[in-house]
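Trainee: What follows is a structure written as structure tokens; I'll ask about it next.
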Amino acid sequence: MTQQSQTLSTLCQLLQTGDEVDRCYAARALGALEDESAIEPLIEHLRDEDIDVCVDSATALGNIGSKQAIPSLIESLQNDNSGEVCTVVVESLNKIGGNEAMDALLKVAAERPEGLEWDDDWDSWWDVQREAVKGLGRCGEERAVDTLVSILEDEEQQDIENEILTALAQIPGRGIEAIITRLKDQNSWPKSRRRAAKALGKIHSADATSALGRALQDMKPEVRTEAAMALAKQGAKQYLKALILLLRDPEQEVRKAVIKAVAVMIENSSGSEELQQQLLPMLTDPSSEVRAALFNAMCETVATTPLTRESLRPVLASLDEKDFNCASAACTLLGDNGDPAAIPGLTRILGDHSKYSMVRREAALALGKIGHYDAGILDQITQAVGDREQPVRLAALTALMAFANSGDQTQTEAESPTPLDIVIAAVRGEIELAPEIDQTTETAPNQDASQDDEQSSTTARVQVAPPTELESKPQDSTTELPTTDTEPLPESLTEAIVLPETPARIVQEGEVKSAVSTLDAIAMDNVEVILNRGDTKEELELDAETMEYLEVVEANKEIMKRMRSNRKINVEQDVRRLGARVLAGHTEKPAIDTLIWALNDEDAILRREAAESISETALSAPQTTDLMDAVGTLITQLSIGEADQRSICARALGNLGNRAATVPLIEALKEQTSNVRIEVIDALARLATEGANPADADHMVVQDVSALEIAHAIMDTLNDEDIGVRVAATKGLARIVSQEHKQNLANDAVGQIIASVFNGSGEEARTIGTILRSFDTSICSEKLLSHIDQAPDSLKRSVAIEILEELLKPEPPQQDRPMRAA
């Protein structure tokens, strides 16, 4: 007996003799395997005493897709009074198709079956009818047109107009004609005509396209809007001129939609220059929303067809638009256009603190995209590095890195700092905020212009220190408030103050509790209730449930502490952190040296940003040998510091590919934090499969560990209490086994992987089944069938069945192609 036959036999046996859980899982698995030998056993259970088994059996028959099941499914549809079962039966008939199935769907779409139960105040037939409508459309059943139209016109029916129109659009000939008739009917509701236009946009038909073209003149703007988008989806370029005329529509929503439609239509035909020519007249549209849509559409065209200087003027004028979406889109377009003529306007916006931070951020990014700079532009960008708004700070640093990556070093004096020098100085804390700046800023939504004007005195100005021996300076996270002379209280006020004749009682030590957070207070109150402590001082042992609760409380307190610490950002510290972030991917030695230096800084967040940037650089530029100088520090920090830092260090060591990290990473498998263990496992798997050969790469590896040893170390984590760790271990073993091709290793790995799922909760069963597809499926099936035979109960058997289902089910078919009418 083949492995497939043995699997089917076991599942069919469970379907016959198992309890309701066994029968449900067996039915689902048989449907997933799509083997016709399971049809008869599944048909028998369409009338199972357990409704869930009926549902799963009907679903399985639809997945198998054999017409042999149609008579039994129709019988169930006619006789079963459960709406849930009937709905699933209709779905299965949809999948199978054929005249006999369509006859049943036509009937149930038009008539409510007798005896079908209501679910409280919900008619179950509505669900059945909706699925029948979908199926009739999917099969292109022309006989269904009259039925579908009658449902549309029946005001007492449920509102499934979208589903019916979609079904009609899938039926060539009369189905499409019915939608066109609805679209033309000016007496129908605008919503109905809009839905009809949307449905016609899903198909390719000359008649449908013609009807949509006429709908561009509909009296309702929502219909014109939908018709324009539908024509774009069809790629009906013959209506481009009509759409261009519609750019003069009085309704701004229509003009916005037409801009998007024209952009989609011309983009699909690779006509950037043509698109730009058609859209240029809209640059002076009175609506800022329309212009924002226009700028976004034109971003795709300016790379090949830059704007002329004349066309540039209205875009520059939009920089001062009150609508920040429009102004931001203008900045983005100017950056993509790349014309240096936009630089003065962009630098002005960047330095104007009355503008929204989003607009100033886009201005900084645009300057970076243009790539042209001189000492004045660098000074403006450098000032923005210390801006009070974090998005502006990050954008300014990003722009500097764009300048650095452009390779153009002829635009500043030789002794002036380069863009990379400025970013490095920012990371090292050598960019000092001007004395008058308020270094501590509260993260908040954009303020209005009046608020910005009030805060203009805090505009950031920065200075780059001259190159000196670089030292890390402690960061002061607070800002001292200016002191003022205290004036004495007015005499009239002091006279009104009356002291009590008897002094208040002195509060004894411990009588008043110190202030605590709300979360702490709730936790303490709940624990006192749980333990019933009251005022007793007797120490009680905490049970497991209470200990788990307290652990969750402590974890939440830590999260809240981080959230509160992020509310106030010290600008100088934040600049250093953001500087480390933007250095990611830059391979010049000064940048890498700075990141390695930042790994030892006192600021924990800066260390994390530096480690993350090193990790990303190693991934994008693995041949960068200077990165190897970070290995020692990363290994050290793998065992100390916060969990986030250890996690990032593990990832970075995996990306660096230096096998000197293998032994420390194996030791880190004992780490208490599950997220760290997950990253460690992934790093070990990467080193085992992609790590550089120590001799070839000239890596100093004291103790080289083979891929086989790494695999066994990862195997030891399969019994980890955390589901994420177990899944990560399975993925890691799959990578190693696929490369090593050692049968004994594969057998051991499969056995321990499957056992780990059974020893745990089993909730990862389907995920593990999918991963096991990269192993020898016959070995996996054999072990799973053995577990099914030996499982003590249906719960354990269900775990094995789920893994089997994911392991053996066929690959999903490719997505359906777009509908095309005859």
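Trainee: Quick one: putting +1 on the C-beta of Lys and Arg, -1 on the C-beta of Asp and Glu, what dipole do you get for segment 199-358 around its Cα centre, in Debye to the nearest 20?
Mentor: 200 debye
Trainee: Any idea of the accessible area per residue across segment 174-225, 1.4 Å probe, to the nearest Å²? Could the numbers behind the result be given before it?
Mentor: Values: 2470 Å² over 52 residues.
Per-residue accessible area for segment 174-225 comes out at 47 Å².
Trainee: Setting aside same-chain residues fewer than 8 positions from Lys809, which lysines have a Cα under 22 Å from its Cα?
Mentor: Lys67, Lys95, Lys731, Lys783, Lys796
Trainee: With charges set only on the Cβ (+1 for Lys and Arg, -1 for Asp and Glu), what does the dipole of segment 647-798 come to about its Cα centre, in debye to the nearest 20? Before the final figure, lay out the partial values.
Mentor: On the way: 14 positive and 21 negative charges, 69 e Å.
Value, rounded to 20: 340 debye.
Trainee: Of the accessible area of segment 571-674, with the probe set at 1.4 angstrom, what percent is carbon plus sulfur?
Mentor: On the way: 1830 of 3780 Å².
Carbon-and-sulfur percentage of accessible area, whole number: 48.
Trainee: Projecting each Cα onto the charge dipole of segment 242-320 (Lys/Arg +1, Asp/Glu -1 at the beta carbon, about the Cα centre), which of Leu294, Leu319, Ala257 comes out farthest on the positive side?
Mentor: Ranked along the dipole, the leading option is Leu319.
Trainee: Using a 1.4 Å probe and ignoring any ligands, DNA or RNA, find the accessible area of Leu240 and quote it in Å² to the nearest 10.
Mentor: Its heavy atoms expose roughly 10 Å² to the probe.
Trainee: How large is ³J(HN,Hα), in whole Hz, for each residue of segment 224-235 in order, when computed from phi with the Karplus curve 6.51 cos²θ - 1.76 cosθ + 1.60 and θ = phi - 60°, using x for Gly and Pro?
Mentor: 4, 4, 5, 5, 5, 5, 5, 5, 5, 4, 6, x
Trainee: May I ask you to rank Glu612, Glu75, Glu805, Glu602 by accessible area, largest first, using a 1.4 Å probe over the protein chains only? Present the calculation step by step, with values, prior to reporting the outcome.
Mentor: Details: Glu612 50, Glu75 105, Glu805 20, Glu602 140 Å².
The ordering from most to least exposed comes out as Glu602, Glu75, Glu612, Glu805.
Trainee: Express in nm, to one decimal, how much length is gained between Phe758 and Lys184 on full extension, taking 0.36 nm for each residue of separation and deducting their alpha carbon distance. Before the final figure, lay out each step's value.
Mentor: On the way: separation 574, 0.36 × 574 = 206.64 nm, distance 6.20 nm.
So the chain would gain 200.4 nm between Phe758 and Lys184.
Trainee: For segment 684-772, what does the accessible surface come to per residue with a 1.4 Å probe? Please give it in Å².
Mentor: Details: 4100 Å² over 89 residues.
Each residue of segment 684-772 exposes 46 Å² on average to a 1.4 Å probe.
Trainee: If you don't mind, there's one more thing I want to ask. Starting from the 7 Å offset along Cα-to-Cβ, what nm value, one decimal, do you get for the label separation of Lys107 and Thr636?
Mentor: Here the modelled spin labels are 8.1 nm apart.
Trainee: What distance in nm lies between label points placed 7 Å from Cα along the C-beta direction at Glu289 and Glu811?
Mentor: 4.6 nm
Trainee: Give me the extension gain from Glu142 to Lys95: residue separation times 0.36 nm, minus the current Cα-Cα distance, reported in nm with one decimal. Provide the component values of the computation, followed by the final result.
Mentor: Numbers: separation 47, 0.36 × 47 = 16.92 nm, distance 1.74 nm.
Here the answer is 15.2 nm.
Trainee: Once the dipole of segment 37-116 is set up with Lys and Arg at +1 and Asp and Glu at -1 on Cβ about the Cα centre, which of Ala58, Pro41, Leu93 lies farthest towards its positive end?
Mentor: Leu93
Trainee: Could you state the accessible area per residue of segment 1-152 in Å², with a 1.4 Å probe and every protein chain left in place? Mind showing how you got there, number by number?
Mentor: Details: 6640 Å² over 152 residues.
That works out to 44 Å² per residue.
Trainee: Sticking with this structure for a sec: Taking a 1.4 Å probe, which of Glu100, Glu155 shows the most accessible area, and what order do the others take after it?
Mentor: Glu155, Glu100
Trainee: May I ask you to list the trypsin sites (Lys or Arg not before Pro) in segment 305-353 that are in a DSSP loop and have at most 10 other Cβ atoms within 10 Å of their Cβ? Provide the component values of the computation, followed by the final result.
Mentor: On the way: sites: Arg309, Lys322, Arg348; in loops: Lys322.
Filter output for segment 305-353: Lys322.
Trainee: Please report the carbon-and-sulfur percent of the accessible area for segment 81-218; probe 1.4 Å, protein heavy atoms only, DNA, RNA and ligands left out. Write down the numbers at each step before the final one.
Mentor: Working: 2680 of 6380 Å².
The C+S portion of the solvent-accessible surface of segment 81-218 is 42 percent.
Trainee: Would you work out the charge dipole size for segment 729-795 about its Cα centre, treating the Cβ of every Lys and Arg as +1 and the Cβ of every Asp and Glu as -1, and quote it to the nearest 20 debye? Could you put the intermediate results ahead of the total?
Mentor: Numbers: 6 positive and 8 negative charges, 59 e Å.
Magnitude of the dipole: close to 280 debye.
Trainee: Spelling out what I want: for every residue of segment 768-783, take phi, set θ = phi - 60°, compute 6.51 cos²θ - 1.76 cosθ + 1.60 (Karplus), and round to whole Hz; glycine and proline get x.
Mentor: Per-residue couplings from phi come out as 5, x, 5, 5, 5, 5, 7, 8, 6, 5, 5, 5, 5, 4, 4, 5 Hz.
Trainee: Need one number: nm distance between label points at Glu545 and Ala643, each 7 Å from Cα along Cα→Cβ, rounded to one decimal.
Mentor: Spacing of the two 7 Å Cα→Cβ label points: 2.4 nm.
Trainee: Cross-link candidates for Lys355: which lysines have Cα within less than 27 Å, leaving aside residues fewer than 8 places away along the same chain?
Mentor: Within the straight-line cut-off, Lys355 pairs with Lys256, Lys322, Lys369, Lys568.
Trainee: Follow-up question, since we're still on this one. Please list, ordered by chain and number, the residues whose modelled amide H lies under 5 Å from the amide H of Ile569; skip anything fewer than 5 residues away on the same chain.
Mentor: Excluding prolines and chain starts, which carry no amide H, the hits are Thr441, Thr443.
Trainee: Check Glu432: other-chain or 5+ apart residues with amide H under 5 Å from its amide H, H built from backbone geometry?
Mentor: Answer set, sorted by chain and number: Gln463, Ala465.
Trainee: Along the charge dipole of segment 6-100, pointing to its positive end and built from +1/-1 on Cβ of Lys, Arg, Asp and Glu, which listed residue (Leu15, Tyr25, Ser72) has its Cα farthest out?
Mentor: So the residue we want is Ser72.
Trainee: Order Asp121, Asp207, Asp285 by their accessible area, 1.4 angstrom probe, all chains in place, largest first. List each step's numbers first, then the result.
Mentor: On the way: Asp121 130, Asp207 100, Asp285 15 Å².
Correct descending sequence by accessible area is Asp121, Asp207, Asp285.
Trainee: Each residue of segment 335-352 in order: what ³J(HN,Hα) in whole Hz does its phi give by Karplus 6.51 cos²θ - 1.76 cosθ + 1.60, θ = phi - 60°, with x for Gly and Pro?
Mentor: Karplus-based 3J(HN,Hα) across segment 335-352 equals x, 5, 5, x, 7, x, 4, 7, 4, x, x, 5, 5, 5, 5, 4, x, 8 Hz.
Trainee: Please compute the length gained on full extension between Gln623 and Glu558, using 0.36 nm multiplied by the number of residues separating them and subtracting their Cα-Cα distance. Kindly include the intermediate steps, with their values, before the conclusion.
Mentor: Working: separation 65, 0.36 × 65 = 23.40 nm, distance 3.87 nm.
Computed gain between Gln623 and Glu558 is 19.5 nm.
Trainee: May I ask you to give the percent of accessible area on segment 1-59 that is carbon plus sulfur, with a probe radius of 1.4 Å?
Mentor: Whole-percent figure for carbon plus sulfur exposure: 43.
Trainee: Sticking with this one: Once the whole set of protein chains is in place, how much accessible area is left on Arg195, using a 1.4 Å probe, in Å² to the nearest 10?
Mentor: Taking all protein chains as shown, Arg195 has close to 40 Å².
The values are calculated or read from the model by the stated rules, or taken from the named source; none is laboratory data. Predicted, not measured: the structure shown is a model, and the values here were computed from it. No Cβ is skipped: glycine too gets one built from the backbone with ideal geometry, and neighbour counts run over all protein chains shown. To get the accessible areas, we keep the full protein, side chains included, count just its heavy atoms, and leave off ligands, DNA and RNA. Shrake-Rupley method; radii C 1.70, N 1.55, O 1.52, S 1.80 Å.
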